[in-house]
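Undergrad: Structure in structure tokens, see below.
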Amino acid sequence: FDSMAHPDLVSILGRYPDGGTVGRLYRSAAEAASAAGVRVEVNTAGVLKPVGRMYPDPRLLELFCAAGVRLTVGSDAHGAGRVAAGIAEAYGLAYRAGYRSVDVPTSDGGWREVSLEP
């Protein structure tokens with residue numbers, strides 16, 4: 001796999017361990033993704049879940065960015081009406097976390113970089 005989706009999907013259940021544990025888990029996730037050379041995905045579908053926000057958590061996204069983990073964005077559509085839903089907002093979330101580009105899959109199975117600069 002070259003991209004990791006839903007790195008904190010469990011957050012949709014609204015259950016988190018204590019703050020110190022979350023921080024350690026987030027740092028470990030960022031280090032592991034960086035070491036593995038995988039992208040991480042911002043997923044817009046979380047806004048439809050009880051968590052009410054995109055995932056991963058912004059704090060985790062900032063750690064991924066600081067660790068040099070590349071980023072992609074997905075809407076987890078599961079239907080035509082949700083294709084690309086919330087993508088502009090996801091780009092804003094990524095930018096606020098420190099990302100200046102995202103990777104977009106190409107039809108030949110590769111990736112191309114797209115700038116987030118205004």
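The values are calculated or read from the model by the stated rules, or taken from the named source; none is laboratory data. Nothing here was measured: the structure is a model prediction, and the numbers come from that model. SASA here: full protein model, heavy atoms, side chains in, ligands and nucleic acids out. Shrake-Rupley method; radii C 1.70, N 1.55, O 1.52, S 1.80 Å.
Undergrad: Only one of E89, E117, E113 is assigned to a helix (DSSP H, G or I), open to solvent by 40 Å² or more (accessible area, probe 1.4 Å) and acidic (D, E); which? Give the derivation first.
TA: Details: E117 fails: assigned to a helix (DSSP H, G or I); E113 fails: assigned to a helix (DSSP H, G or I).
Being assigned to a helix (DSSP H, G or I), open to solvent by 40 Å² or more (accessible area, probe 1.4 Å) and acidic (D, E) holds for just one of E89, E117, E113, which is E89.
Undergrad: Among the residues of the range 10-26, which ones are within 16 Å of the chain's Cα centre (by Cα) and either farther than 29 Å from A85 by Cα or modelled with pLDDT of 75 or more (or both)?
TA: Initially, the range 10-26 is screened for residues within 16 Å of the chain's Cα centre (by Cα), giving 10-12, 25-26.
Correct list: L25, Y26.
Undergrad: If only one of A35, A29 is modelled with pLDDT of 90 or more, in a helix (DSSP H, G or I) and within 15 Å of the chain's Cα centre (by Cα), which one is it? Even if it seems obvious, please write down each step before you answer.
TA: On the way: A35 fails: within 15 Å of the chain's Cα centre (by Cα).
Answer to the check: A29.
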